[in-house]
Amino acid sequence: MTASRLATGGSAIDRSHPIRFSFDGATVHGFAGDTIASALLAGDVAVVGRSFKYHRPRGIWGAGVEEPNALVDIGGLRATPNTRATTEPARDGLVARSVNATPSALADRNAFLDRFARFIPAAFYYKTFMWPEWHRFEPRIRAMAGLGKVDADWASPGTADQVNHHCDVLVVGAGPAGLAAARLAADAGLSVTLVDDQQNPGGSLGHRAGEIDGKPAAAWIAETVAALASAGHLILPSTTAFGIYDHNLVGLNQRHFDGRPDTLWRVRPRRIVLATGAIERPLPFANNDLPGILSADAALAYLRRHAVLVGRRIVVATNNDSAYETAGALAEAGAEVRLVDLRRDGTPNAPANVRLIKGRALASASGKLRVDGVTLDDGTKLDADCVLISGGWTPTIHLFGQAKGKLAWSEARAAFLPGDPVDGIAVVGAAAGAVSLSEVFAGAGTAVASLGQTKAALPPRSTGPEATGGITAAWPLPGSKGRIWIDYQNDVTVKDVELAARENFVSVEHLKRYTTLGMATDQGKTSNLPGLALMAGITGRTVPEVGTTTYRPPFTPVPLASFAGARVGELMAPVRRLPLENVHRSSGAVFQEYGGWLRPAHYGGNADSERSIADEARRARQSVALFDGSTLGKIEVIGLQAAAFVDFLYYNTMSTLKPGRCRYGFMLSENGVVFDDGVLVRLDEQRFVVSCSSSHVAAVHARLEEWRQDRFGHGAVYIHNATSDMATLTVSGPNARKLLEMLELGLSLDDADLPHMAIGHGIYAGDEVRIARVSFTGDRSYEISIRADRAEPLWAQLRQAGQTFDAVVIGLEALMILRAEKGFIVIGKDTDGTTLPHDLGVDGPRTKRQTEFVGRRSLFTEEASRDNRMQLVGLTVPQGEAPLPTGAHGIKRIDGRLRSQGFVTSSYQSPTLGRPVALGLIERGAARHGETIDIQHLGKISKATITAPCAFNPAGDRLHA
Amino acid sequence: MQLFPCPFCGPRDETEFHYGGDAGNIRPDGADVPIDRWADYLYLRTNPKGTAREIWVHMTCGEFFVMERDTVSHKVLSSAALGGEHAA
Ligand SMILES: [Zn+2]
């Protein structure tokens, strides 16, 4: 190939703006308006990449999204791997590297693999992985796998915008069909959005002849676009409609060339017009993958758009009429052109200065790093520095297929066309099998008329010479000689498809998985149809009988950044924050996430955190501790049937609770499993507060709503989640009451007035406060709830008053130790998805309750009554030993085999007791207190003795101390 | 992404909704409900191919409602508040 840039012409390039970039370290010159591919071709760079499996040298095939070979990694700020050189604009200073090639595409050191090709047929790696010792090969295989390289140091320059958009009609594709349809729809009074993946509108009219309404195509394109734009319709160039999802949501990815990340559009149009064009197919002949063998249509595009003449001595091989325009144009541009048409009859006339050879096909191509000639099927040899192929056109019906559109096989077009229409979607132009501009415009007119608008406008008229669509199918044939490539990107040959058929992978989906036909970045845009047509030939079926693989988004690769949008970093899963977060930070709190909340784990900074936690837990028992419990659920249940409602929702009877009192209880799931635990507060006859676990508020709230609406009715109760309305500050310890007495709270703290499990109402600095005597530590505790925005002065005064008592501020880690010392459980940690309430020692309601509650029936199954259920226990270790690892299993030996009999759920070193404390779920545990069992962790066995869950102050008098 | 018609808010993206199970899966009350009946209530689902009547909740307004949709074509046939009035 001796490609070159012509001195004049090129509708897309701006010769006054020369640019330079690097490819595999070499400098490439071009002009603004070039793609990387057109600039490489202009510089006569033949080898631009290496094939996936055999590392065969590969050149540019196409001029658009279908490109299987010319993939490059773009470096720098907007680094992108596996970019198609044919769609990537060349930019000054850009750094591009070939993929799958070391050190360069031209001198790739893995090129030797091609000589072993017959030892690595389709499914070679699948079979290798089934060898017993495949791990020996794994590192080498992994090193060779994949195409482009991801830059590990790459950091996003920003987040991608995401736009939601609505319109009457979304037109995908701004070629002749799309432009005509958009204009017709706009003239009929509909709001139109027109998207196209090219930077400039026009589609095939950018390089194929056409005269419309008496004007040159370029003038008609400019006029149509101007009319749409001035009427306020949205036109998005460089934007790919990559997917149609349920209910006709269309995903668009819009590129920018100013350093911004791409923009994702979610469009909800009333109607969709697909004007997505068609893609040219290769022809089957031996060595049809050599560099210098291109799509004929691509060569015409490079000539007319970029003034690049792809060769001097060109062979054009075809089975259809479309290559004739290409052959004529190349001859006119000065190349020697031989046009080989496999059809004997019914061909168009030979273009001027083109030698037409009828009734012949290519048998093979020759050359090493680029093609140097071809041999016809009669043995004739032709010299060539470039071979152009047109094997017919495959309509781009991916989006129609994604929308679950059925395809219909057309023998006349040798292609699948859209079949029965899909609601809300019309397909026009080459995507619908139209060839001439007259057909294209007539189809656009029909499609827009079908949108149901009364105001009809006339479609444009084609006034120039018309393209014809004559074709004789030329599919790859079984038993062909030589290495005939079907899928360039995945190195799938005719022999690989034959092997798949022999091994009975004849379904088209199996063929794809077995050979990788149609996978990877190009998704088989040039290879799928030839591959399945070959399978049809091998298995004696027709092409429609073989069918296509399922069309799935995306049509072309979309950056993950587009899908992520702003949902990156902290915004990926935003944490909930305490009203007093900043106050805690200035007190040296170290924050961690607990169940979606960012909470102080402990205070005293990061240094020696274990000691800080132990100090907090020890001092909390000695005098008094302050703790921010604002995350605790506060869901109000209000209404005439509130008492009946909480009775139904709770395992425990709650309607007997007196106003002003609290009761601890479980909520179960309908399968009887403990779902949440917590304290229910009764404010008055018709008003309760569900104080559920911090991380469970949303789930409990949803459950209350569901039962309210589904069982009790909208008017029976009202539910209000007031969790974040109020901050809850907890004072706990032997000196808790003394500390509170130093504050002016406007209520009596006398135990007769405010006993354990009661609430009181006070006023602090003019704001109502609710004080609940509930305890998660086992010590006398007061939970003070106050408006979240007024919590800071109260907290400050609690700390101030606390100085008198050597009060300690504790984080969640110390609280976990305190509650474990008492045997208080955390649902989901000390329970699992099988734990029933009686497994936790709470059997009363199960045996006594007569009224209905959630999960009731499930407590009386065989499974619920099994005598070897896992039950909550405490576990102690021999003196001097370290705490048990959480998750370690209690084991026993049955017939010489180790078997689990439960596991450790919580385990801490108790600074107050001076020994480890642990909780666990152990088989029959409640009846085995005092028994010593084996505990296994990572192969090591230690001893533990089963005890009651409560290790500290079992008498419970500290609650009142 | 499907568009579901909340009877209270109109068409909204499916990501705003949660599935709530088969409509008409009536809860049997009592500790002595036959165990097979209880197991059916807990676990047996019709999983129809075609028209399905389902409970959904629109999380942004918190309302549960009944929606009829086709599990093959994903066409929404109707949606109605639990009270019964039609909205789709
Ligand atoms: Zn709603």
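None of the figures in this text is laboratory data; all of them are computed from the coordinates on show. Keep in mind that what you see is a predicted model, and the values were worked out from it rather than measured. Don't worry about glycine lacking a Cβ; one is built from the backbone with ideal geometry, like all the others, and counts go over all protein chains shown.
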In debye to the nearest 20, the charge dipole size for the stretch A:419-570, taken about the Cα centre with +1 at each Lys and Arg Cβ and -1 at each Asp and Glu Cβ, equals 120 debye
In whole percent, what relative contact order does the stretch A:701-816 give with Cα contacts below 8 Å and a gap of six or more residues? 25 percent
Give me the Kirkwood hydrodynamic radius of chain A in Å, from all C-alpha pairs, to one decimal place? 33.8 Å
Over the C-alpha atoms of the stretch A:265-347, what are the Rg and the largest Cα-to-Cα span, Dmax, in Å? 16.5, 51
Starting from the Kirkwood Rh over alpha-carbon pairs, what translational D in µm² s⁻¹ does chain B have by Stokes-Einstein at 20 °C and 1.002 mPa s? 154 µm²/s
Using amide H atoms built in the peptide plane, which far-off residues or other-chain residues are under 5 Å from residue B:71 H to H? B:50, B:51, B:52
For the stretch B:1-40, divide the Cα radius of gyration by the Kirkwood radius and give the resulting Rg/Rh value with two decimals. 1.24
Would you mind putting A:860-869, A:617-626 in packing order, based on average other-beta-carbon counts within 10 Å, highest first? A:617-626, A:860-869
Could you tell me which of A:398, A:87, A:939 has its Cα farthest along the dipole of chain A towards the positive end, charges placed at Cβ (Lys, Arg +1; Asp, Glu -1), taken about the Cα centre? A:939
Using modelled backbone amide H atoms (1.01 Å from N, in-plane), which distant-in-sequence or interchain residues come within less than 5 Å of residue A:394's amide H? A:279, A:280, A:281
Looking at the stretch A:879-961 from every direction and averaging, what is the projected area of its Cα convex hull in nm²? 6.3 nm²
Tell me what chain A gives for mean residue ellipticity at 222 nm when only DSSP H runs of n ≥ 4 count, each as -39,500 (n - 2.57), the sum divided by the residue total, rounded to 500 deg cm²/dmol. -5500 deg cm²/dmol
So who's got an amide H within less than 5 Å of the one on residue A:931, skipping anything under 5 residues away but keeping other chains? H placed 1.01 Å off N, in plane. A:946
Trypsin sites (Lys or Arg not before Pro) within the stretch A:93-125, DSSP loop, no more than 16 other Cβ atoms inside 10 Å: A:109
Write down the Å³ per residue value for the convex hull defined by the alpha carbon atoms of the stretch A:474-571. 109 Å³
The stretch A:398-405 - phi-based ³J(HN,Hα) in whole Hz, Karplus 6.51/-1.76/1.60, Gly and Pro as x: 4, 5, 4, x, 4, 7, 6, x
Ascending count of other beta-carbon atoms within 10 Å, so fewest first, for A:870, A:667: A:870, A:667
Please report the relative contact order for the stretch A:809-952, taking Cα pairs under 8 Å with a sequence separation of at least 6, and give it as a percent rounded to a whole number. 29 percent
re the stretch A:1-76: pairs of Cα atoms spaced beyond 21 Å account for a percent value of 28 percent
A correct Karplus calculation of ³J(HN,Hα) over the stretch A:4-18, with 6.51 cos²θ - 1.76 cosθ + 1.60, θ = phi - 60°, whole Hz and x for Gly and Pro, returns 7, 8, 6, 5, 9, x, x, 5, 9, 9, 10, 5, 7, 10, x
Can you find, among A:417, A:430, A:494, the residue sitting farthest towards the positive end of the charge dipole of the stretch A:411-510, where Lys and Arg contribute +1 and Asp and Glu -1 at Cβ? A:430
May I ask which residue of A:622, A:644, A:609 lies farthest towards the positive end of the charge dipole of the stretch A:608-647, with charges of +1 (Lys, Arg) and -1 (Asp, Glu) on Cβ and the Cα centre as origin? A:622
Output the relative contact order of chain A, whole-number percent, from Cα pairs under 8 angstrom with separation of 6+ residues. 9 percent
Under 9 Å from the Cβ of residue A:869, count the other residues' Cβ atoms, weight Lys and Arg +1, Asp and Glu -1, and hand me the total. -2
Based on the alpha-carbon set only, what is the convex hull volume of the stretch A:174-314 divided per residue, in Å³? 169 Å³
With respect to the cross-link table entries A:634/A:848; A:368/A:495; A:822/A:940; A:829/A:943; A:368/A:512; A:404/B:49, which display a Cα-Cα separation exceeding 24 Å? A:634/A:848; A:822/A:940; A:368/A:512
Can you tell me which aspartates and glutamates have their Cα less than 13 Å from the Cα of residue A:149? Leave out same-chain residues fewer than eight positions away. A:73
With charges only on Cβ, +1 for K and R and -1 for D and E, what is the dipole size of the stretch A:445-532 about its Cα centre, in debye, rounded to 20? 200 debye
Cα gyration tensor category, rounded, prolate or oblate, for the stretch A:601-704 with a/c compared to 1.5: prolate
What's the magnitude of the charge dipole for the protein assembly as shown around its Cα centre, counting Lys and Arg as +1 and Asp and Glu as -1 at the beta-carbon? Answer in Debye, nearest 20. 2000 debye
